[in-house]
Amino acid sequence: MQNQKSTEEVALGIRRRVFEHSIRNNGGYLSQACSAAEQLAWLYNEELKLGEPTLPMIPKPFAGVPSPSNPDYHTGAGYNGPAAPEYDRLFIAPAHYALVAYATLIEVGRMAAEGLEMFNLDGSSVEMIGAEHSPGMEVHNGTLGIGLSTASGLAYGRKLRGEPGNTWVFMSDGEVQEGQTWEAVQACAHHGIDNVKAIMDVNDQQCDGAMSSVMDVGDIRTKFLNFGAACFEVDGHDLSAIRDAAKENHDGRPLVILARTSPYRTMPILEERFPRLHYVRFKSEQERARFNHSIAADLGVDPVDYAH
């Protein structure tokens with residue numbers, strides 16, 4: 001499908017939608033929109049080869065867990081189009097980026113804006129922490145560290161079948177604290193699984209605070225190289241740098257792009273909360289109003305009217 005927006009416009013739209021949602025709901029995943037907007041905008045607007053969505057623009061309610069007796073079950077991957085051999089597949093590993101992923105789907109015309117109004121409501125498939133039935137999701141990646149393994153297994157099967165489509169995984173830097181991530185990289189290198197590609201949002205913060213205080217991971221690029229990946233480190237807000245990294249030769253090896261980012265990019269007022277930025281809930285109505293006016297000015301929009 002054709003989207004007429006530039007990738008820069010999509011990234012700005014992602015941040016605006018997440019900002020508006022967070023102000024109206026007195027909290028949200030603002031820092032993830034700050035750090036990851038360019039990455040997800042680039043994936044959906046430029047890099048991924050996807051077919052037309054196979055699910056309705058307004059998401060269906062949760063249809064239950066998969067079972068032989070549940071013909072209504074579906075994953076959210078239909079928003080990325082059919083799982084045909086010629087198309088790419090995407091796994092969003094950090095499930096708490098779901099709000100940013102939904103905003104991306106809306107910005108590129110794969111989901112209706114009304115879908116975001118269903119966010120975190122009882123019976124909705126538009127989950128706060130993305131699950132396999134949530135828009136854009138194909139598997140449940142809420143357990144930190146399984147995203148690259150899942151993508152690698154699928155990519156290996158696709159390679160053995162001779163399918164031309166790539167398998168992408170969007171990751172967060174907290175996943176390098178998990179051993180399963182390194183097992184996946186090592187397995188890819190050993191088996192020559194070079195049709196799996198990953199871009200990682202390296203924003204140096206996670207649920208419990210700064211990465212360095214939770215578990216310092218050191219030089220992760222060197223680690224990826226030592227485990228057999230082709231790894232390139234870029235400014236995650238520089239689209240040209242991301243594009244160039246994606247074109248680097250990586251024959252026989254998985255490709256990993258480390259996108260170094262800021263969790264308060266375009267919303268500098270968030271810096272006063274760093275590193276407690278995983279989920280920003282406002283401490284008072286005065287703070288909510290202050291953040292509303294400050295971020296609106298930085299994003300070039302009017303403050304959100306959230307009066308009930």
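No lab work stands behind these numbers, since they all come straight from the coordinates. Everything numeric in this text was worked out from a predicted model, so none of it was measured. Positions of Cβ are generated from backbone atoms using ideal geometry, with glycine treated the same way; all protein chains shown enter the neighbour counts.
If each of Asp251 and Asp208 carries a label point 7 Å out from its Cα toward its Cβ, how far apart are those two points in nm?
Distance between label points: 4.4 nm.
Let me check I've understood the local charge: for Ala63, count other residues with C-beta under 12 angstrom from its C-beta, Lys and Arg +1, Asp and Glu -1. What total comes out?
Summing Lys and Arg as +1 and Asp and Glu as -1 gives -1.
Could you tell me the distance between the Cα centroids of the range 98-175 and the range 44-71, to the nearest Å?
What the calculation gives is 10 Å, centre to centre.
Amide H of Gly252: which non-local residues (sequence gap of 5 or more, or other chain) have their own amide H closer than 5 Å, using H built in the peptide plane?
Sorted by chain and number, the residues that satisfy this are Asp194.
State whether the chain is rounded, prolate or oblate according to the following rule on the C-alpha gyration tensor (a ≥ b ≥ c being the square roots of its eigenvalues): a/c under 1.5 gives rounded; otherwise a/b larger than b/c gives prolate, and the remaining case gives oblate. Provide the component values of the computation, followed by the final result.
Working: a/c = 1.66, a/b = 1.24, b/c = 1.34.
Since a/c reaches 1.5 but b/c is at least a/b, the shape of the chain is classed as oblate.
If you count, for each residue, the other Cβ atoms within 10 Å and average over each peptide, how do 299-305, 253-259 line up from highest to lowest? It would help to have the intermediate numbers written out before the result.
Working: 299-305: 13.1, 253-259: 24.9.
Put in order of decreasing packing, that is 253-259, 299-305.
How big is the dipole moment of the range 22-134 about its Cα centre under a simple scheme where the beta carbon of each Lys and Arg is +1, that of each Asp and Glu is -1, and everything else is neutral? Debye, nearest 20, please.
Working: 5 positive and 13 negative charges, 26 e Å.
Roughly 120 debye, rounded to the nearest 20.
Would you mind ranking Cys207, Cys231 so that the residue whose beta carbon has the fewest other beta carbons within 10 Å leads the list?
Details: Cys207 12, Cys231 25.
Final ranking by Cβ density, sparse to dense: Cys207, Cys231.
Add -39500 (n - 2.57) for each DSSP H run of 4 or more in the chain, then divide by its residues: what number comes out at 222 nm, to the nearest 500 deg cm²/dmol? The partial results should precede the final answer.
Numbers: 9 runs with 104 residues, N = 308.
That calculation yields -10500 deg cm²/dmol at 222 nm.
Cα to Cα, under 23 Å, and not fewer than 8 places away if on the same chain: which lysines meet these conditions relative to Lys223?
Lys197, Lys247
Starting from the range 177-270, pick out the GluC sites (Glu not before Pro) whose DSSP state is loop and whose Cβ has at most 11 other Cβ atoms within 10 Å. Numbers along the way, then the final one.
On the way: sites: Glu178, Glu183, Glu233, Glu248; in loops: Glu178, Glu248.
Answer by residue number: Glu248.
Taking every DSSP beta bridge that has both residues in the chain, what percent is antiparallel when rounded to the nearest 5? Don't skip to the answer; put the middle values down first.
On the way: 5 of 27 bridges.
Bridges in the chain are about 20 percent antiparallel.
Please compute the contact order of the range 106-239 in relative form: average sequence separation of alpha-carbon pairs under 8 Å and at least six residues apart, divided by the residue count, as a percent.
18 percent
Dipole of the chain, Cα-centred, from +1 at each Lys and Arg C-beta and -1 at each Asp and Glu C-beta, to the nearest 20 debye?
On the way: 26 positive and 41 negative charges, 42 e Å.
The dipole of the chain has a size of about 200 debye.
Could you work out the local net charge near His74, counting Lys and Arg as +1, Asp and Glu as -1, over the other residues with Cβ closer than 12 Å to its Cβ?
-2
At 0.36 nm per residue, and after removing the present C-alpha to C-alpha distance, how many nm does the segment from Lys49 to Val65 gain when stretched out fully?
Values: separation 16, 0.36 × 16 = 5.76 nm, distance 2.86 nm.
Answer, rounded to one decimal: 2.9 nm.
Using the Cα centre as the reference, give the magnitude of the dipole from point charges on the C-beta atoms of the range 164-281 (Lys, Arg: +1; Asp, Glu: -1; all else neutral), rounded to the nearest 20 debye. It would help to have the intermediate numbers written out before the result.
Values: 11 positive and 18 negative charges, 45 e Å.
Charge dipole of the range 164-281: 220 debye, to the nearest 20.
From Cα pairs below 8 angstrom and at least 6 apart in sequence, can you work out the relative contact order of the range 1-81, rounded to a whole percent? Display every interim value, and only then the final one.
On the way: 62 pairs, mean separation 23.0, N = 81.
It rounds to 28 percent for the range 1-81.
Picking from Tyr44, Val139, Val214, whose Cα lies most toward the positive end of the charge dipole for the chain (charges on Cβ: Lys, Arg +1; Asp, Glu -1)?
Among Tyr44, Val139, Val214, the one farthest towards the positive end of the dipole of the chain is Val139.
Along the charge dipole of the chain, which of Thr7, Ala230, Phe119 sits closest to the positive end, that is, farthest toward it, with unit charges on the beta carbon of Lys, Arg, Asp and Glu (+1, +1, -1, -1)?
With unit charges placed on the Cβ atoms, the residue in question is Phe119.
Pairs of Cα atoms under 8 Å, at least six residues apart: use those to get the relative contact order of the chain, whole percent.
Details: 615 pairs, mean separation 62.2, N = 308.
It comes to 20 percent, rounded to a whole number.
Based on the alpha-carbon gyration tensor of the range 27-179 and its eigenvalue square roots a ≥ b ≥ c, which shape applies: rounded if a/c is under 1.5, prolate if not and a/b is larger than b/c, or oblate?
rounded
Among all the lysines, which ones have a C-alpha under 17 Å from Lys5's C-alpha, if same-chain residues fewer than 8 places away are not counted?
Lys49
Amide H neighbours of Arg89 under 5 Å, counting only residues 5+ apart in sequence or on other chains, H built in-plane at 1.01 Å?
Asn166, Thr167, Trp168
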